[in-house]
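Novice: Mind having a look at this structure? Questions to follow.
The values are calculated or read from the model by the stated rules, or taken from the named source; none is laboratory data. Everything numeric here is computed off the predicted structure, so don't read it as measured data. Using ideal geometry, Cβ is built from the backbone for each residue, glycine included, and neighbour counts are taken over all protein chains shown.
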Amino acid sequence: MGSRVNIPPEGTALLTLVRASLSAIPPVFEGFLSSLDWDLFLRLTRHHRLEPLLCYGLRNSRFAGIPTEIREEWEARRRTSIATALYHQEALREIAAAFADRGLPFVVLKGEALSKAFYPQEGLRPYGDIDLLIRPETYELAKATLMSLGFRLRQTVNEAEKLRLFGEIEFDKEGPVTMTVDLHWDTLMASWEPQSLLSDHGTWASLDQVRLGSHAIPILKGEVLLIYLCVHFAFHHTFDGLILLCDLFLVLKHDAERIDWDRLIAMANRCQCRHALYWSLYFAKSLMAAPVPDSILDRLRPNVLIRALMPTTRLLFRESLVSQMLERYIKFLLIDTQKGRWRALQVWLQSSKRLFGR
């Protein structure tokens, strides 16, 4: 189906535990736990934000062989995740009420939306900010509303650039925990693709919702949610973050019977994100056994040159951020067309972001 992913023993153990945590099936380790590099294993769980989920798995599947100090750290991270989620929920309730008072439509992306809709318990899906999809024409009103609640632009000097070139902008609010709200009107693909993935009528016409106290919070659903998560995993994170792969797995597992695969591919064709969709679904199927039909991967598969150039062995089981040079290289491979790559290069050269190096 694609390039073979070489997984280190610590990565194999991590995947085994994650899959067991999400399915309540006792893991099978085939006797290699004793040979693991536990320091590397712990660094991987931290980097990929999996400690709360693995703590949940420990409690429910009762898998043994995990050193006490690692189990204790997972428990502490889960408590922190629950406390952070409660803080974000209170902020989200305040924002939802303020937006409703001003007639501002919004959709919650990722974070709390995924936690409530797909994860078995609160606090298993860590997140550090609130991501809100808005309509592009409501940006100034949304900005004023957030500022009335004490939020401030993170980088005032870059506001015009972000509005012109990119699909999101960040606001921060100081407090016991710094609260960040990202306003989105498109994905990073706005840099090079004129056809928006998130701002068309179909996205806003068919939404789901989750309850947050007395508020009904709108969230994405179906094919729009799935393709958005694939694009986010590929372009925004260059496949870094196994918790994002868990998101994909749970959405696919939950909606497998209802996904209109033809519609999904039509959306990918229209928005020119076939490569991002292919690789995200391929990793979800090959690593997490997500229910993705082989025929769909066959229809999406990039040409042999792109598959040969994609450095899959360096993408998924990292313990630190990828270099910006490698990140840019991967993103160029993910862009579907030469015209799109040329437009992306022009945008990056115009922006204040350095093209290479961190």
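Novice: What helices (runs of 4 or more DSSP H) lie completely within region 268-358 and have 1 or more residues being more than 20 Å from the chain's Cα centre (by Cα) and over 21 Å from residue 7 (Cβ atoms)?
Specialist: Counting at least 1 such residues, we get 294-300, 304-309, 324-334, 338-350.
Yes/no per residue for (1) surrounded by 16 or more Cβ atoms within 10 Å (Cβ to Cβ); (2) assigned to a helix (DSSP H, G or I); (3) out of contact with any strand residue (DSSP E or B) (no Cβ under 8 Å at 6 or more places or on another chain); (4) at positive phi:
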{"site": "198", "(1), (2), (3), (4)": "yes, no, no, no"}
{"site": "210", "(1), (2), (3), (4)": "yes, no, no, no"}
{"site": "216", "(1), (2), (3), (4)": "no, no, no, no"}
{"site": "248", "(1), (2), (3), (4)": "yes, yes, yes, no"}
{"site": "254", "(1), (2), (3), (4)": "no, yes, yes, no"}
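Novice: For region 232-243, enumerate the residues that are over 18 Å from residue 268 (Cβ atoms) and assigned to a helix (DSSP H, G or I).
Specialist: Within region 232-243, 242, 243 meet the criteria.
Novice: Under the condition of being in a helix (DSSP H, G or I), in contact (Cβ under 8 Å) with a residue 40 or more places away in the chain and not aliphatic (A, V, I, L, M), which residue from region 92-121 is surrounded by the fewest Cβ atoms within 10 Å (Cβ to Cβ)?
Specialist: Applying the filter and picking the extreme gives 94.
Novice: Determine which single condition residue 91 fails, assuming it passes every other condition in (1) closer than 26 Å to residue 112 by Cβ; (2) among the small types (Gly, Ala, Ser); (3) at pLDDT below 90.
Specialist: (3)
Novice: Look at residue 144 and say whether it is surrounded by fewer than 17 Cβ atoms within 10 Å (Cβ to Cβ) and outside any strand (DSSP E or B).
Specialist: Values: surrounded by fewer than 17 Cβ atoms within 10 Å (Cβ to Cβ): yes; outside any strand (DSSP E or B): yes.
Against the criterion (surrounded by fewer than 17 Cβ atoms within 10 Å (Cβ to Cβ) and outside any strand (DSSP E or B)), residue 144 qualifies.
Novice: If you scan region 333-345, which residues turn out to be crowded, with 16+ Cβ neighbours inside 10 Å and either without any contact (Cβ under 8 Å) to a residue 40 or more places away in the chain or within 30 Å of residue 38 (Cα to Cα) (or both)?
Specialist: 345
Novice: Determine, yes or no, whether residue 132 is under 17 Å from residue 228 (Cβ atoms), crowded, with 19+ Cβ neighbours inside 10 Å, within 14 Å of the chain's Cα centre (by Cα) and in contact (Cβ under 8 Å) with a residue 60 or more places away in the chain.
Specialist: On the way: under 17 Å from residue 228 (Cβ atoms): yes; crowded, with 19+ Cβ neighbours inside 10 Å: yes; within 14 Å of the chain's Cα centre (by Cα): yes; in contact (Cβ under 8 Å) with a residue 60 or more places away in the chain: no.
No, not satisfied.
Novice: Under 8 Å by Cβ, and 6 or more places apart or on different chains, what pairs join a residue from region 290-316 that is closer than 18 Å to residue 272 by Cβ and free of Cβ contacts under 8 Å to residues at least 40 places away in the same chain with one that is of a type in the set (Ser, Thr, Tyr) and assigned to a helix (DSSP H, G or I)?
Specialist: 300/278; 302/278
Novice: Could I ask something else about it? If I go through region 167-187 residue by residue, how many of them are over 18 Å from residue 96 (Cβ atoms) and in contact (Cβ under 8 Å) with a residue 60 or more places away in the chain?
Specialist: Number satisfying all stated conditions: 2.
Novice: Could I ask something else about it? Could you say which residue among 159, 69, 137 is at pLDDT below 95 and touching a strand residue (DSSP E or B) at 6+ places or on another chain (Cβ under 7 Å)?
Specialist: Details: 69 fails: touching a strand residue (DSSP E or B) at 6+ places or on another chain (Cβ under 7 Å); 137 fails: touching a strand residue (DSSP E or B) at 6+ places or on another chain (Cβ under 7 Å).
So the residue among 159, 69, 137 that is at pLDDT below 95 and touching a strand residue (DSSP E or B) at 6+ places or on another chain (Cβ under 7 Å) is 159.
Novice: Next up: When only residues in region 36-58 that are part of a helix (DSSP H, G or I) and of a type in the set (Lys, Arg) count, which is nearest to the chain's Cα centre (by Cα)?
Specialist: If we take residues in region 36-58 being part of a helix (DSSP H, G or I) and of a type in the set (Lys, Arg), then 46 is nearest to the chain's Cα centre (by Cα).
Novice: Within the set of pairs 6 or more residues apart or between chains, which connect a residue that is surrounded by 18 or more Cβ atoms within 10 Å (Cβ to Cβ) inside region 34-45 to a residue that is of a type in the set (D, E, K, R) with Cβ atoms less than 8 Å apart?
Specialist: 36/10; 41/10; 42/73; 44/10; 44/319; 45/51
Novice: Counting only residues that are part of a helix (DSSP H, G or I) and acidic (Asp, Glu), which one in region 122-141 is farthest from residue 250 (Cα to Cα)? Before the answer, list the steps.
Specialist: Of region 122-141, the ones part of a helix (DSSP H, G or I) are 136-141.
Pick out the ones that are also acidic (Asp, Glu) and you get 137, 140.
Working: 137: 33, 140: 35 Å.
This residue is 140.
Novice: So which residues in region 115-152 are of a type in the set (Gly, Ala, Ser) and more than 25 Å from residue 165 (Cβ to Cβ), if there are any at all?
Specialist: Within region 115-152, 115, 117, 123, 148, 150 meet the criteria.
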